[in-house]
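What follows is a single structure, written as structure tokens, with notes after it.
The values are calculated or read from the model by the stated rules, or taken from the named source; none is laboratory data. Since the structure is predicted, the reported quantities are computational estimates derived from the model, not experimental observations. Here Cβ is always computed from backbone atoms with ideal geometry, including for glycine, and neighbour counts include all displayed protein chains.
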Amino acid sequence: MSTIFSQIIEGEIPARIVYEDETTVAFLDANPLAPGHTLVVPRDEYERLNDVPDDVATDLYATIHRMVPAVEDAVDADATTVAFNNGEAAGQEVPHVHCHIVPRFEGDGGGPIHAVAGERPDLADDELDDIAADIESRA
Ligand code: AMP
């Protein structure tokens, strides 16, 4: 079963495609959080960010980099929130990597990316040191 985004890319279901190249496609979100809310996806299906091969990741970032100013200018946005829901626990509903470009406006009532997490942890310095060391060893 292909994802709904693959069906869009294959032209099987309609979408407002705003950019496409060999490896990536951008289209308007069907349930926009703001006018101009755009999704950028790789043509091929990868569920999570770390599944995307290096060369495709490079192209994906290039398309995001291209689309952010295009979206901001088109809707006269003051800023954009640019984010991935990376995995179901983070709210990812479509298992096909996609970057949300959400236009933001002064006083739009939305929050920063810090608003997405639950209760903040209270971490001691040694816990932070352990976490940093663990991440560093895996990077
Ligand atoms: P996520 O929760 O990060 O997986 O986001 C999935 C996004 O895909 C949501 O913002 C939906 O509104 C959007 N979406 C779902 N179906 C379609 C569709 N057919 N065309 C465009 N956007 C869609």
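Remarks
- Looking only at residues in segment 1-26 that are aliphatic (A, V, I, L, M) and not in a helix (DSSP H, G or I), the one that is surrounded by the fewest Cβ atoms within 10 Å (Cβ to Cβ) is Met1.
- Residues (among the polar types (S, T, N, Q) and either surrounded by fewer than 18 Cβ atoms within 10 Å (Cβ to Cβ) or in contact with a His (Cβ under 6 Å, 6 or more places away or on another chain) (or both)) located in segment 27-46: Asn31
- Residues in segment 86-108 that are over 16 Å from Ile4 (Cα atoms), within 10 Å of the ligand (Cβ to nearest atom) and surrounded by 14 or more Cβ atoms within 10 Å (Cβ to Cβ): Asn86, Val102.
- Some residue of segment 59-81 being at pLDDT below 95 and over 26 Å from Gly110 (Cα atoms): no
- Residues (of a type in the set (Val, Ile, Thr) and either in contact (Cβ under 8 Å) with a residue 60 or more places away in the chain or within 11 Å of the ligand (Cβ to nearest atom) (or both)) located in segment 10-24: Ile13, Ile17
- Any hit, segment 70-90, residues being hydrophobic (A, V, I, L, M, F, W, C), assigned to a helix (DSSP H, G or I) and over 25 Å from Ala115 (Cβ atoms): yes
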